[in-house]
Amino acid sequence: MKVLNKIRSFSGGVHPNEYKYLTENLAFETMPSPKQIILPLSQHIGKSAKALVTKKDLVKTGSLVAVEEGFVSAPIHSSISGTVKLIENEANVSGFPKEAIVIDLTEENDIKKFPALDPKTIKAEEIRERVKVAGIVGQGGAAFPTFIKLTPPKDKVIDHVILNGCECEPYLTRDYRLMIENPVKVLTGLSLIMKALNVSKGAIGIEDNKPEAIKKLSTAALVFPNISIEVVQTKYPQGAEKILIKAILNREVPPGKLPLDVGVVIQNIGTAVAICDAVVEGMPLIHAPLTVSGLGINNPKNLIVPIGTQLRDVLEYCGGVNENVVKIVVGGPMMGVTQYDFSAPIMKATSGILVLTKEEVNEHQETPCLKCGKCIEACPLGLVPTKLARYSQLDKLEEAEALDITVCMECGTCAYTCPANIPLVQWIRLGKQKVLKMQREINIG
Ligand code: SF4
Ligand code: SF4
């Protein structure tokens, strides 16, 4: 075990109010099964899964209800025992209705699990297979099917696995609680990922505002040789993949390239815990650990929630919202999605629900650009947000492409820092989508 004392950082970035105090000392509670769950067939990047069940079918907790379609896809399991009510388009936290299996709760019974495997003797191929059949996807937001990350192309040489324990988004304390409540699971999950990739070096990057997590993991890591705990500065967006790789290994991921192009696989804390549970306990991915926070929720919590539970049921379980609420967001405040339909369900990669009041939300009027350059100073990737947003507004796609709009990771740092309250990231996201579409059309044509 090796703990580096040097605090690593990056240029740019911001220090938003953290509000972590609302939930950081609250241990996980397990939410009881709701009366109904909604399981979207697409809870991951890639092709939607294909439903295996039909109306009136009986399913058990842990039953496979949808299989993967194609290579980039993931199976889905029921998080309750019940009866399939229907399969149709339902509200989704993305804001766009998606096809989903709706299941009504019947009686509770035991979870249908896979056979437990020994993490000491398990072989690499068995880890990949278990991760695949358990339906594990990245918990860091992107929801990329994890077994694919554990199966890199043969021409890529991977020599490091990094677990992202930064949790740099304000409010969220899910990963923090996972680290302090389950350090051995986190380390076992990381060692399984290393074994699957035949890699001997692993690291966990943690921001220096989490001393308890650093201490717990450092102690538990004494029996995990080849895993180091790396302390990085608390600054948003320290947890962005490229930034964390640079901070820990001093390797630059070039624009348009992936971590595996510089020999690194990066995973989230929650993903490591899910992998440990799938191997050691045979658990399919049916629960989402998440944070419910914000000054607008009556009882903030860290909760283990059955996947498919509707937002309104989670909010009710947390004592409901108070009269000062102006906005409800799924995810963190910087990159999360504002919600308008509270029947939308919790998905595999949902990290939090934030119930925000006027005090926490910037509702100032947008004004013309002041040409102050603050957004440029703040962008951790060295982009020019003010120009990118302008080109997007004017549909000047070639100009936006030339200024690397597709490199933008949509972290929201520029918009946060803008004194003119210009929704920079929204404009850049729109422009990026248009440029990517243009590039696809050029490639096809
Ligand atoms: S959203 Fe994009 S342009 Fe804005 S700071 Fe983040 S990476 Fe830079
Ligand atoms: S921070 Fe806002 S006001 Fe300042 S240059 Fe950027 S877009 Fe203009």
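Scoring LEU39 on the criteria (1) outside any loop (DSSP other than H, G, I, E, B); (2) modelled with pLDDT under 90; (3) open to solvent by less than 40 Å² (accessible area, probe 1.4 Å) leaves a single failure, condition (2).
Residues in segment 306-322 that are in contact with a Phe, Trp or Tyr (Cβ under 9 Å, 6 or more places away or on another chain) and of a type in the set (Ser, Thr, Tyr): THR309 only.
If the requirement is being within 16 Å of ligand 1 (Cβ to nearest atom) and out of contact with any Gly (no Cβ under 9 Å at 6 or more places or on another chain), which of these qualifies: LYS358, LYS387? Outline the logic, then answer.
Values: LYS358 fails: within 16 Å of ligand 1 (Cβ to nearest atom).
Going through LYS358, LYS387 in turn, just one is within 16 Å of ligand 1 (Cβ to nearest atom) and out of contact with any Gly (no Cβ under 9 Å at 6 or more places or on another chain): LYS387.
Those residues that are surrounded by fewer than 17 Cβ atoms within 10 Å (Cβ to Cβ) and either closer than 30 Å to THR234 by Cβ or not polar (S, T, N, Q) (or both), I need them from segment 388-398; list them, please. Reasoning before the result, please.
Looking only at segment 388-398, we keep the residues that are surrounded by fewer than 17 Cβ atoms within 10 Å (Cβ to Cβ), and these are 393-396, 398.
If the condition is that a residue be surrounded by fewer than 17 Cβ atoms within 10 Å (Cβ to Cβ) and either closer than 30 Å to THR234 by Cβ or not polar (S, T, N, Q) (or both), then LEU394, ASP395, LYS396, GLU398 are the ones that fit.
Answer yes or no as to whether LYS85 is over 24 Å from LEU290 (Cβ atoms), assigned to a loop (DSSP other than H, G, I, E, B) and not β-branched (Val, Ile, Thr). Before the answer, list the steps.
On the way: over 24 Å from LEU290 (Cβ atoms): yes; assigned to a loop (DSSP other than H, G, I, E, B): no; not β-branched (Val, Ile, Thr): yes.
So LYS85 does not fit the description; no.
Checked against the criterion of being closer than 26 Å to ILE243 by Cβ and either open to solvent by 30 Å² or more (accessible area, probe 1.4 Å) or near ligand 2 (Cβ under 10 Å from one of its atoms) (or both), the candidates GLY412, GLY431, GLY382 yield just one match: GLY382. On the stretch given as segment 42-64, residues that are over 16 Å from LYS85 (Cβ atoms), hydrophobic (A, V, I, L, M, F, W, C) and not in a loop (DSSP other than H, G, I, E, B) total 1. For segment 184-203, which residues satisfy the criterion of being of a type in the set (A, V, I, L, M, F, W, C), open to solvent by less than 10 Å² (accessible area, probe 1.4 Å) and under 20 Å from VAL157 (Cα atoms)? Within segment 184-203, LEU190, LEU192, ILE193, ALA196, ALA203 qualify. Scanning segment 132-181 for residues that are on the phi > 0 side of the Ramachandran plot and at pLDDT below 95 gives GLY141, ALA143.
When restricted to residues that are under 19 Å from ILE304 (Cα atoms) and not in a helix (DSSP H, G or I), segment 317-327 contains 3. Looking only at segment 100-138, residues that are in a loop (DSSP other than H, G, I, E, B) and within 18 Å of SER78 (Cα to Cα) come to 13 in all. Would you confirm whether or not segment 150-159 contains a residue that is in contact (Cβ under 8 Å) with a residue 24 or more places away in the chain, among the basic types (Lys, Arg), under 21 Å from GLU252 (Cα atoms) and outside any helix (DSSP H, G or I)? Yes - at least one qualifying residue is present in segment 150-159.
The values are calculated or read from the model by the stated rules, or taken from the named source; none is laboratory data. Just so it is clear, the structure is predicted and the values come from calculations on it, not from any experiment. Positions of Cβ are backbone-derived with ideal geometry, glycine not excepted, and every protein chain shown enters the neighbour counts. For the accessible areas, the whole protein counts, side chains as well, though only heavy atoms, and no ligand, DNA or RNA atoms are used. Shrake-Rupley method; radii C 1.70, N 1.55, O 1.52, S 1.80 Å.
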